[in-house]
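Heads up: the structure comes next, in structure tokens.
The values are calculated or read from the model by the stated rules, or taken from the named source; none is laboratory data. Quantities reported herein were computed from a predicted structural model and do not represent experimental measurements. Virtual Cβ from ideal backbone geometry, glycine too; neighbours counted across all protein chains shown.
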Amino acid sequence: MTSDEQTRGVAPPALDLTDGAKVATVNSTDLETIIATEDMNVYYGDFRAVRDVTMNFTDNEITALIGPSGCGKSTVLRALNRMNDLIPTARVTGAVIYHGRNIYEANVDPVEIRRRIGMVFQKPNPFPKSIFDNVAWGAKINGFKGSKSDLSDLVERALSKAALWDEVKDKLNESGYSLSGGQQQRLCIARAVAPSPDILLMDEPCSALDPIATLRIEELMLELKQDYTIIIVTHNMQQAARVSDKTAFLSVDVNDIGQRTGRLVEYAPTDRIFTSPENDETEQYITGRFG
């Protein structure tokens, strides 16, 4: 356990992260690749919703997934921590390599993967519990074994990481529902970071928020990337340009019966995507000529 993990109070669960697996190197930087997809396809029954996605995500960066509705952005995001497993008809082919191991191998526990790869959803979803218990729950279900004092310290640190502690420290026993929409989303972020994940997935985390709350979440993401790899889905291209280090543009093909299959068009540093994309389809989307 690292000193940082000891300070947070929760050790990441053990994973047999063996070496030797091939890791994708799409537009790699000097930073370490922490998770990568290789020829990843996501199916719902016989229908292929996303095809042949290969990309890598590097440590301590924010990657934005952008593209028109129905292109599979959220499907790709959910595949990164096996959240799609909760859909009975869903299956994934290809690989998602996390610390050198394909998380879709038969002997990998998806619950354990989700401990390492946390998720924040589109709409704030606090539990019908106190502010304190909302955050503590995330640690408790992931094996927290410390004392009551240790748990209190962990809750304070998680709320501080979510830039919420100063606003709620005197009302920790009040319901999470008593908070504003933006505060509720930061509470959900605190709950997600409490178990000490490596990666935070965020599925349009600002879509239900007003501009002021959105700005606060964006500022928070920039702070959090010092400790986490962050991957966000957003329809807001200005948001992607403001906060992300890399941007992946996905588009969609529609077959004869109207089924939509998403595909990765271009993945590059954000400034290049928005100023000099290599693909004409990317340029058309960025400039508003389709989508």
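Quick check, is Met55 aliphatic (A, V, I, L, M), over 23 Å from Tyr285 (Cβ atoms) and out of contact with any helix residue (DSSP H, G or I) (no Cβ under 6 Å at 6 or more places or on another chain)?
In short, no.
Could you count how many residues in the range 225-272 are of a type in the set (A, V, I, L, M) and surrounded by fewer than 16 Cβ atoms within 10 Å (Cβ to Cβ)?
Looking only at that region, the number is 2.
Can we say Glu278 is acidic (Asp, Glu), touching a strand residue (DSSP E or B) at 6+ places or on another chain (Cβ under 8 Å) and at positive phi?
no
Given the criterion closer than 22 Å to Gln226 by Cα, touching a residue at least 24 places away in the same chain (Cβ under 8 Å) and of a type in the set (Val, Ile, Thr), identify the matching residue among Thr93, Thr58, Thr75.
Every option except Thr58 fails the conditions.
Listed here are the residues, each with its yes/no results for (1) in contact with a His (Cβ under 8 Å, 6 or more places away or on another chain); (2) closer than 11 Å to Gly138 by Cβ; (3) in contact (Cβ under 8 Å) with a residue 40 or more places away in the chain; (4) of a type in the set (Ser, Thr, Tyr).
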position: Leu164; (1), (2), (3), (4): no, no, no, no
position: Glu167; (1), (2), (3), (4): no, no, no, no
position: Asp170; (1), (2), (3), (4): no, no, no, no
position: Ser175; (1), (2), (3), (4): no, no, yes, yes
position: Gln185; (1), (2), (3), (4): no, no, yes, no
position: Ile189; (1), (2), (3), (4): no, yes, yes, no
position: Ser196; (1), (2), (3), (4): no, yes, yes, yes
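One residue is enough: does the range 277-291 have a residue meeting the conditions assigned to a loop (DSSP other than H, G, I, E, B), more than 21 Å from Ala163 (Cα to Cα), modelled with pLDDT under 95 and among the hydroxyl-bearing types (Ser, Thr, Tyr)?
yes
State which residue is surrounded by the fewest Cβ atoms within 10 Å (Cβ to Cβ) when the search covers only the range 45-96 and only residues that are in a loop (DSSP other than H, G, I, E, B), of a type in the set (Asp, Glu) and modelled with pLDDT under 95.
Asp46
Which one is farthest from the chain's Cα centre (by Cα), of the residues in the range 94-114 that are among the hydrophobic types (A, V, I, L, M, F, W, C) and under 18 Å from Pro195 (Cβ atoms)?
Only one residue fits best here, namely Val108.
Would you mind stating whether Asp133 is closer than 28 Å to Asp59 by Cα and either surrounded by fewer than 21 Cβ atoms within 10 Å (Cβ to Cβ) or free of Cβ contacts under 8 Å to residues at least 40 places away in the same chain (or both)?
So Asp133 does not fit the description; no.
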